[in-house]
Every structure is written in structure tokens, then in C-alpha cells.
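The structure under discussion is supplied below as C-alpha cells; questions concerning it will follow.
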Amino acid sequence: MINLDWKNLPFGYVKTKYNVRCYYRNGAWGELEISSSEDINMHMAATALHYGQEAFEGLKAYRGKDGKIRLFRVEENANRMANTAAYIRLAIPTVDLFVNAVKKVVQLNAEYVPPFESGASLYIRPLLIGTGPQVGVKSSDEFLLIIFVTPVGPYYKKGFSPIDIVIERDTDRAAPLGTGHVKVGGNYAASLPAQEKAHNLGYAAVLYLDAREKKYIDEAGTANFFAIKNNTYITPDSTSILPSITNKSLMQLAEYLGMKVERRKISVDELSSFEEAGACGTAAVISPINKVDDRENKKTYQFCKDCKAGPVSQKLYEHFIGIQYGEIPDPFNWVTILEEK
Ligand code: PLP
Ligand code: COI
């Protein structure tokens, strides 16, 4: 294993040895290629650069106490990338191509999968772009799937400590019938002004509302929202949020642990009735929410006492990462143990 300060890794880019690439040309995917270059050579009129014909994914590999590397629900990411690709007219990678490429890039960079004790993980970033030149708004007919990895620590600086977030009313991240439900780079570009404003005010993240009525909770800029009330796991139903694989898993886990699960519209007013709230996603894992500020309406919704996560979030978190790191049995078959070569 290479030598890194594993315990203090930020959520950022660290160069690793290899990435994998697959080109789509003349109507077909080619062979998976291994590269040690960090650069992409592409046409200056590539559709990814001009018209945002770009999809990405995010998942993680975890090293257990037993030294084994585990991937979490990689087929789900393959399916979501296929949905995104179909929506913005990218060539669709098959599930097999996607899964094999992920396995390959992790195996090639196994020495960068952080040790168990560090609590860090290997973030896997698949990227699919239109590389062919167009000047009119049209799909490319050439595409590149590239997957790189980077060892990461927690997305929010404090890890599993409660974060403060702020409701955004001045800008929308995604429209009700727009691209919020797929993972395209443009959604994240659209979130930058609100994120910058929130960070400048000392908040860890933005909480977006539905763009039509500004009445219901959508999600955070990089994570879904959930809340706990009366032994029930409650999470928004909306056409403009990303179907989070973490959230889907937490819904299953909550049911398995004897809770009720509700996926439905959540009005901002309802925040005052929740016992706990959190943000969930691959990067965010489960980040308990300390408070949500609604600055325009001069309201604060407080969830944590003494800055500590609530008991249900704590239980879900421990169970969830326990499965990911192989510490507790995986009754759902979520984890793929990787052969190391
Ligand atoms: N919502 C947004 C906007 C995201 O970027 C992400 C991260 O991928 C999520 C939710 C969480 O999704 P997942 O749990 O699949 O990582
Ligand atoms: C993830 O959780 O994988 C994400 O994609 C968030 C990311 C945009 C930092």
C-alpha cells in the first residue's frame, strides 16, 4: 500500500496510477483501455464542452478489516448512468461494460484503497462524454467512457457530525421536468452560485425546494434529504431530485430494522415536526443535519441536541457503513467482494 495520510484525507483529487477508458466509435464500444495519463485529448468542438453532453457517476470501494475490497451496489450506478445517457442522448454503456470497467480500475489501483482503520474509502468517478465535434445543437456520434479513482475522506469536513444547511429561494438547481433526476454536470454548474453563497454564510450545504411552488423539499446540492418521525423514515418524492442509491438503500435498511418508510412530498413547514433529519449520498454517506435555516422567513429548524446525531440516524449510519466495510452481514447482497490481482 502506498503511503498517504489516510486519516486526514479531504474529499479531493489524489493522483493514482491508472484510469480506464472505452471509446464508442462507428456505432460500437471498443475494448477497455488502461491509461496512466491524467489528460483527455479531444476535439475543441466536442459536444461535452459546448452543450454539456456529459454524464457522471460516483461510487466507492471500501477495504474491510479482513483486507478485502468491497464495491457497493455497482450495478445500480451502471443503471443510473444508462438512464442519464439515454436522457441526454449519449451512447449507453452496458451494465457489463460499466461493472467490468469499475472492477478493473479498482483492481489496478488497489494500493490506493484506504486501510480499514482510516475510515476513508476509494471514490470511483465514471465519466461519459460526447467527444465528437458539432457546432449545431446535436448529439455527438463519438463518446468516451472514462473511470478514475481517488482516495477520499469525508465530504463535509466534520464527517459524521451534524451540519448546518440553508434553504435556497433565489435560484433553482433543477426544474420539475428538467434534468434533476439524471446525473449531468450542468445540474452542478447550476448549483454553484447558491453553494458559494451558503458557504460564505457558514453553511455546509444548500437545501433546494421544488422549483414550481417553493413549498416542498427537494434535496441538498449533492445529497438526498431524509427525516425521522415516529419510527418512520421520510424522504421526498420529486421529479427533480436524483434517485440516490444511498437513500434507496437506507429505505430498505429502515424497513429491515422495523421502521416505516414514507416517500412523499414534504412541505417546508413539516420540518418543525421532525425528530431528526439528514443528508445522504455516496460522498455525504449519512450527514446528520443540526439545523436548517430558512433565512427569508426568519425561521430555524433545529434537529440535534448538544450537536450530536439523533439515535435513529446513528443506528442507520452504523448499520449502513457496517455492511459497506464488511463488518456486519449483508442481507441485501449489496456488496461485491473484489478479487485482488
Ligand atoms: N443527489 C445529488 C444531487 C447527488 O449529486 C448525489 C450524489 O451522487 C446524491 C443525491 C446521492 O446519490 P447516491 O446516494 O447515489 O450517491
Ligand atoms: C456523490 O455523492 O457521488 C456525488 O456525486 C457528489 C459529488 C457531486 C461530490
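The numbers here are math on the coordinates, done by the rules we state, and not lab data. For clarity, every value in this text was computed on a predicted model and none was experimentally measured. All Cβ positions, glycine included, derive from the backbone under ideal geometry; neighbour counts span all protein chains shown.
Could you tell me what % of all Cα pairs in the range 29-164 have separations over 25 Å?
Numbers: 3194 of 9180 pairs.
For the range 29-164, the share of Cα pairs beyond 25 Å comes to 35 percent.
Counting only helical runs of four or more DSSP H residues, what would the 222 nm mean residue ellipticity of the chain come to if each run contributes -39,500 (n - 2.57) and the total is spread over all its residues?
About -7000 deg cm²/dmol.
For a bin width of 5 Å, list the pair-distance distribution of the range 196-281 built from all Cα-Cα distances, rounded to whole %.
3, 14, 25, 25, 19, 9, 3, 1, 0
Got a sec? How would W6, W334 order by Cβ neighbour count within 10 Å, fewest to most?
W6, W334
Quick one: net charge of K299's neighbours, Cβ under 15 Å, K/R +1, D/E -1?
-1
Please report, for the Cα atoms of the chain, the Rg to one decimal and the Dmax as a whole number; what are they, in angstrom?
20.0, 60
Give, rounded to the nearest 20 debye, the magnitude of the charge dipole that the chain has about its Cα centre when Lys and Arg contribute +1 at Cβ and Asp and Glu contribute -1 at Cβ.
Dipole magnitude for the chain comes out near 200 debye.
Once you charge only the Cβ atoms, +1 for Lys and Arg and -1 for Asp and Glu, what is the size of the charge dipole of the range 6-152 about its Cα centre, to the nearest 20 debye?
400
Would you list F148, F332, F11, F226 from fewest to most Cβ contacts within 10 Å?
So the residues, fewest neighbours to most, are F332, F11, F148, F226.
Okay, moving on. Going by how many other beta carbons lie within 10 Å of each one, how would you line up L9, L257, fewest first?
Values: L9 20, L257 13.
Listed from fewest to most nearby Cβ atoms, that is L257, L9.
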